[in-house]
1. Dipole size in debye (nearest 20) for the stretch 175-308 around its Cα centre, Lys and Arg Cβ +1, Asp and Glu Cβ -1?
2. Tell me, what HN-Hα J-couplings in whole Hz come from the Karplus equation 6.51 cos²θ - 1.76 cosθ + 1.60 at θ = phi - 60° for each residue of the stretch 573-578, using x for Gly and Pro?
3. Using a 1.4 angstrom probe on heavy atoms only, work out the carbon and sulfur share of the accessible area of the chain in %.
4. Can you give me the solvent accessible area of Tyr670 with a 1.4 Å probe, rounded to the nearest 10 Å²?
5. Helix-derived [θ] at 222 nm for the chain: sum -39500 (n - 2.57) over DSSP H runs of at least 4, divide by residue count, nearest 500?
6. Calculate, for the chain, the solvent-accessible area per residue in square angstrom, rolling a 1.4 angstrom probe over the heavy atoms of the protein chains.
7. I need the Kirkwood Rh of the stretch 12-116: take the reciprocal of the average 1/r across all distinct C-alpha pairs and report it in angstrom.
8. Could you give the size of the charge dipole of the stretch 129-181 about its Cα centre, using +1 on the Cβ of each K and R and -1 on the Cβ of each D and E, expressed in debye and rounded to the nearest 20?
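The values are calculated or read from the model by the stated rules, or taken from the named source; none is laboratory data. Everything quoted here is computed from the prediction, not taken from an experiment. Every residue, glycine among them, receives a Cβ derived from its backbone with ideal geometry; neighbour counts consider all protein chains shown. Remember, those area values only see protein heavy atoms, side chains included, never the ligands or the DNA or RNA. Shrake-Rupley method; radii C 1.70, N 1.55, O 1.52, S 1.80 Å.
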Amino acid sequence: MYIIALLACVCACNALRVGVGIADVTGPPAEINFMGYANFEQVGHGIHLRQFARAFVFEDEASGHRFVFVSVDAAMMGHGCRNEVIKRLQKRYGDMYSEQNVIISGTHTHSTPGGFLLDFLFDLPILGFVKETYVAYITGILKSIIIAHNKLTPARMEYGEAELLGANINRSPTSYLRNPPEERAKYEYDVDKTLAQVRFITPDNQILGVINWFAVHPTSMNNTNRLISSDNVGYASILMEKALNGNETLPGKGRIVCAFASTNLGDVSPNTRGPRCEFSGDVCDQESLLCKGAKERCFASGPGRDMFESTKIIATKMFQTAMKVLKQPGIDLTGPVGVVHQFVDMPKEEVAPYDPVTQTFDTSANVSGCVPAMGYSFAAGTTDGPGAFDFRQGTTSPNALWNAVRDFLAQPTPGDVACHAPKPILLATGRMKFPYEWQPHIVSCSVARIGGLFLAAVPGEFTTMSGRRLRRVVGNASGAKKVVLAGLSNIYSDYIATPEEYQAQRYEAASTIFGPHTLDIYLNKYVELTNALVKGERVDSGPQPPDFSNQLITLVPPVLWDAAPWRREFGDCVRQPLPAYSWGDVASATFVSGHPRNSIRHGRWYASVERLQSEEDDAWVVIATDADWETKFTWIRNSKVLGTSEALIEWEIPEGTPPGTYRIHHYGNYKYILGGIYPYHGFSNSFEVT
């Protein structure tokens, strides 16, 4: 009896409550540049997959400690968005949620609207600040957390993992080889092949939610894509949610929430065919990434015939592996909840360097951070998205012409040049103050704990080996059974390469903005935070990041007006679908449209496919929306002067679709030339699926 009572006490003391929530965060789907590839020509013109925020609230009933983890279908997360989400949470819940316990992690898809980061370099390719994107992310993230907060319920947490092959490759393998051979010998692959999963289960064994972490860039959709897409990880989430909620459940509407969150993906690509020349198909020179043909770019693709098939293949691999893990017995990691957070001024940090061979810190020496700067190879891009001009990977010497251009914007000090060596500075972003800060000096660092799982939330893209070192030091400091790295959290500060990889100055190293010892600073800081969390000690909040909200500029033109063609109304179907289709066919319809930026339809949609449920009552039921893989909503501008546009809606009919009568439904809002925004909708003719 004593043992039973003791076990009951232990369970009660570590009673965990979990809440899950999902909400639409889709940004403006037309005439806004995408964030990720820094390509001025990549301007959105519709939706393939909607964006969602997936929130998980954890509470230790005994201590009352709680924290929030949100995975967002966005390129990354910025301090401004997070700060506004926290302000709104505090209006509702007081000091229950704060900078200390809210972690927001971007999935890193490169096919979603930008203009929300409030650091000028990151918003520059988007033509500045975009209020619609900013508000869409804040509103959706906030809603997902509120839903999760309201659904807190007793639960236990289980951990599982599995090896996933054929879904990722290292896009800078020669950089990886710079790491010590003794360290590399500990690992079979030059990228992480393990899919890590935590699942949350009610006392009656019902699944509440699942978080998966797998190291891969969501760049299956390349920089020619013009449709909003959550890419491979976003589609994997939708597949898993449909599998667990029922395939009839519309995306974003299910009870069970499944995230595929970012981790140490810095040098990891989904384009498994590797780099090839775009015209000849020859394998590119891995070092320079140059092709012999004039203006022939080197980029990676695969495994599919095009970017849509590649996205589907990688997503399906992740989904199938996650479902395999879900069906296997897991390790119960339920236990106390805790979190620590600190803002860190990176250029001011001085720390002991880390020796990856002995796995110790050399306290006899000190290294420091640098004022932010970007190297030449940053402009070369990667095989996932090549850059412009003649910049090459691995550049370690400057060019007088580009230095003159750089110095016109802001000249680095001799100390900056020495600190960043061997990186030749292309942009002295830390010295640029006009019109406001170009890159952050102050970053956000968090370590959270749920029982036997420790979560290190990091403000950037750790390379494979950088992530392995971080997991190792956090594991050693905590004694945790499992350590997971959550990438691109709270503030975005580009890449984190190892000091050895930094010497190669490929893209990831050139984008390691605080210099060669950036990783050393993080390793020291996360050990410090982990120790404080384990001991229950308070941590100083650190220096607050600056607020630039009153200095933001934008060159994105507003929507002036919309107009329908002569003798047409908004919502009229001008190109009808065929009378009948079969599985695998694409049914399409074109409508007179208003500008999609007139109203961001969160929780609603611009396009749906409906099936006739009852002919007698003329009752139709929605069976797919513009959040489904099978649909594409493409907005087409006909005339800027006249303000006319069309919406093309396509539905690739899935195998197994029940025979019946269907139609395509378009929703939107138009802006009247004399003022005011008004809703409209329209149907296509019905058609048969046989």
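1. The dipole of the stretch 175-308 has a size of about 320 debye.
2. For the stretch 573-578, the Karplus-derived couplings read 8, 9, 9, 7, x, 5 Hz, x marking Gly and Pro.
3. Values: 14310 of 26660 Å².
Whole-percent figure for carbon plus sulfur exposure: 54.
4. 60 Å²
5. Mean residue ellipticity at 222 nm (helix-derived): -6500 deg cm²/dmol.
6. Per-residue value: 39 Å².
7. Kirkwood hydrodynamic radius for the stretch 12-116: 15.3 Å.
8. Charge dipole of the stretch 129-181: 220 debye, to the nearest 20.
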